[in-house]
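Report on the following structure.
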Amino acid sequence: MIKTKITEMFGIQHPIIQGGMHFVGFAEMASAVSNAGALGIITGLTQPSPKDLANEIAKCHDMTDKPFGVNLTFLPGFANPDYPGYIDSIVKGGVKIVETAGRSPEKFMPLLKDAGIKVIHKCTSVRHSLKAEKIGCDAASVDGFECGGHPGEDDIPNMILLPRAAEELSIPFVASGGMGNAQQLVAALAMGAEGINMGTRFMATKEAPIHQNVKDALVEATELDTTLIMRPLRNTERVLKNTAVDRILQKEKDLGDKLQIQDIFGEVAGVYPKIMKDGTMDAGAWSCGMVAGLIHDIPTCKELVERIVSEAEQIINERLNKVQVA
Ligand SMILES: Cc1cc2nc3c(=O)[nH]c(=O)nc-3n(C[C@H](O)[C@H](O)[C@H](O)COP(=O)(O)O)c2cc1C
């Protein structure tokens, strides 16, 4: 057993979290991860309304007795979801853990804290992590340049970002981005993290409620198969290369600084259901981390979590102990 401040804070068995994922983080995903002793997370905004989120939370309660969380992603200015409504569903649904991401959750902290909710904010920089600490977040999920999804604009990989976070932060943090195996869990612990957050790796599991084509694509992909899009819009996203992504990159090259989100709407807007549900792999751009290069199988969530933890224990007890003796 690996016990850390994060397992204690969230009342979970293993120091592993499944980050919120658009059109992946349904009750089936979150409950499978939580039943494996890690922390599953439902993606709030994948549900079209607060009422739908309430139903998804109720469904997840039916599928697990273990703690699970909800992700609330605060999107850039142009989108304006009913955040107070979603928070109301979270509070009334008895969920005690919220993963926030994107913009600062400052405005909504009183609503969350008054309901006794633990907040873990996902940050791609030390300065954002410090801000999260200052506004009362209980923990941070420090998301390195390797990550699937939005790595921010600083491009600092976890080998630097995590020890920097350890230098500055007082609240506990987990390592996010690129995580997928036992070696990385041990390294993350060594660099000061209290556990790991995984997105891409959890997509390649039996229970992930997504099309088999997506899982197969992750097994086939190598660490060379992701790329960054939307950098000219300062909304950089790491995605798996495909023909839609090729088109985006060509438009970015052609339009340069003149690129606007409307120019790539066809490749990024509303594409997730086509990919995740229908398995149409070239329908658009979808978030995927470099960790794809370390994904070689499609285990159950329980097999994956137990493998990571038991191999991590082995590395600590055998390999690291021997290094010390030598
Ligand atoms: C398909 C996919 C969708 C994602 N959607 C969201 C999201 O809606 N909100 C969010 O905060 N993070 C989202 N993420 C990021 C993950 O929660 C997590 O931070 C990230 O995947 C960690 O990097 P990794 O993929 O290398 O493990 C998504 C990631 C993936 C792969």
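With Cβ to Cβ distances under 14 Å as the rule, what net charge do the other residues near ARG234 carry (K, R +1; D, E -1)? Walk me through the intermediate numbers first.
Numbers: positive: ARG103, ARG231; negative: GLU153, ASP154, ASP155, GLU237, GLU252, ASP257.
Around ARG234, the charge tally is -4.
Between segment 140-181 and segment 92-107, what's the alpha-carbon centroid distance in Å?
19
Give me the aspartates and glutamates in straight-line cross-link reach of LYS251: C-alpha distance below 13 Å, same-chain residues under 8 apart excluded.
ASP263, GLU267
Taking square-rooted eigenvalues a ≥ b ≥ c of the alpha carbon gyration tensor, is segment 7-66 rounded, prolate or oblate, where a/c under 1.5 means rounded and, failing that, a/b exceeding b/c means prolate? Could you put the intermediate results ahead of the total?
Values: a/c = 2.22, a/b = 1.71, b/c = 1.29.
Prolate, since a/c reaches 1.5 and a/b exceeds b/c.
Ignoring everything except DSSP H segments at least 4 long, calculate the 222 nm mean residue ellipticity for the chain; use -39,500 (n - 2.57) per segment, divide by total residues, nearest 500. Numbers along the way, then the final one.
On the way: 14 runs with 123 residues, N = 326.
For the chain, the value works out to -10500 deg cm²/dmol.
Quick one: what does P(r) look like for segment 2-142 with 5 Å bins over all Cα pairs, in whole %?
Distribution as computed: 2, 11, 21, 24, 22, 13, 5, 1, 0 percent.
Report the FRET efficiency, 1/(1 + (r/R0)^6), for ASP114 and GLU167, where r is their Cβ-Cβ distance and R0 is 25 Å, rounded to 0.05. Write out the running numbers ahead of the final one.
Values: r = 32 Å, r/R0 = 1.28.
E(calc), rounded to 0.05, equals 0.20.
Of ALA217, ILE261, GLY279, which is farthest along the charge dipole of segment 213-290 in the positive direction, counting Lys and Arg as +1 and Asp and Glu as -1 at C-beta?
Checking the options against the dipole of segment 213-290, the answer is ILE261.
Send over the Kirkwood Rh of segment 213-290, from the inverse of the averaged 1/r over different Cα pairs, rounded to one decimal Å.
Values: mean 1/r = 0.0785 Å⁻¹.
Here the Kirkwood hydrodynamic radius works out to 12.7 Å.
Over all directions, average the projected area of the Cα convex hull of the chain and note it in nm².
Values: hull surface 63.5 nm².
Over all viewing directions, the chain projects a mean Cα-hull area of 15.9 nm².
A short reminder: the numbers here are calculations on the coordinates, not readings from a lab. In this text, all values refer to a predicted model and were calculated from it rather than measured experimentally. All Cβ positions, glycine included, derive from the backbone under ideal geometry; neighbour counts span all protein chains shown.
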